[in-house]
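Below you'll find the structure, written out as structure tokens, and then a few comments.
The values are calculated or read from the model by the stated rules, or taken from the named source; none is laboratory data. The model shown is predicted, which means the values in this text are computed figures rather than measured ones. Virtual Cβ from ideal backbone geometry, glycine too; neighbours counted across all protein chains shown.
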């Protein structure tokens, strides 16, 4: 799905759950931002399904990002004034989808992540694990091709982190969505189909990875 010609690497094939690992400052989040069309690479080309995206202008990059990519963050990034379903529906509101359809689709996703009974709760009324589930539902509600998750279990205790990881694994299999997650937790990484290690801004060949 994603290929960076500057480093000769294919990062995430269709339907794969992949982990991007490396020490702090190695370039994991920078690479994720480039793949999410939030930053531009200094050199090389980025291909999405064989199509070059490195030279997209800001408007086209934003459109592609909204249509094809979902994001999950370590700190959830939920809006405190909105309920769970309203937070989930935000990407649809930005597309101009009507409120009734937004609510229906958001409720479907909340049911899929096991939080339909929390749809009217605001973030402060939910646990960290529940908030991350809402964030995952928000990332998926627009039916993206790719989910980019930056330390999705980083703010959670071990047990809750495993539950969230299990949910990502289940959604990956059930929906066929590609997921690339940054993590410093090797145990979480081992639950993925593929582990990609980055060191000093360089993606290591498989034989050099630990």
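Numerical summary
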quantity	calculated
Filter pass, residue 37 being assigned to a loop (DSSP other than H, G, I, E, B), over 18 Å from the mean Cα position of the chain (by Cα) and surrounded by 15 or more Cβ atoms within 10 Å (Cβ to Cβ)	no
Which listed residue is surrounded by fewer than 21 Cβ atoms within 10 Å (Cβ to Cβ), closer than 13 Å to residue 85 by Cβ and either free of Cβ contacts under 8 Å to residues at least 60 places away in the same chain or out of contact with any strand residue (DSSP E or B) (no Cβ under 6 Å at 6 or more places or on another chain) (or both), from 186, 145, 103	103
Entirely in segment 118-210, the strands (runs of 3 or more DSSP E) that have 1 or more residues that are at pLDDT below 90 and out of contact with any helix residue (DSSP H, G or I) (no Cβ under 8 Å at 6 or more places or on another chain)	194-199
Residue satisfying all of: in segment 42-63; buried (at least 17 other Cβ atoms within 10 Å of the Cβ) and in a loop (DSSP other than H, G, I, E, B); modelled with the lowest pLDDT among these	54
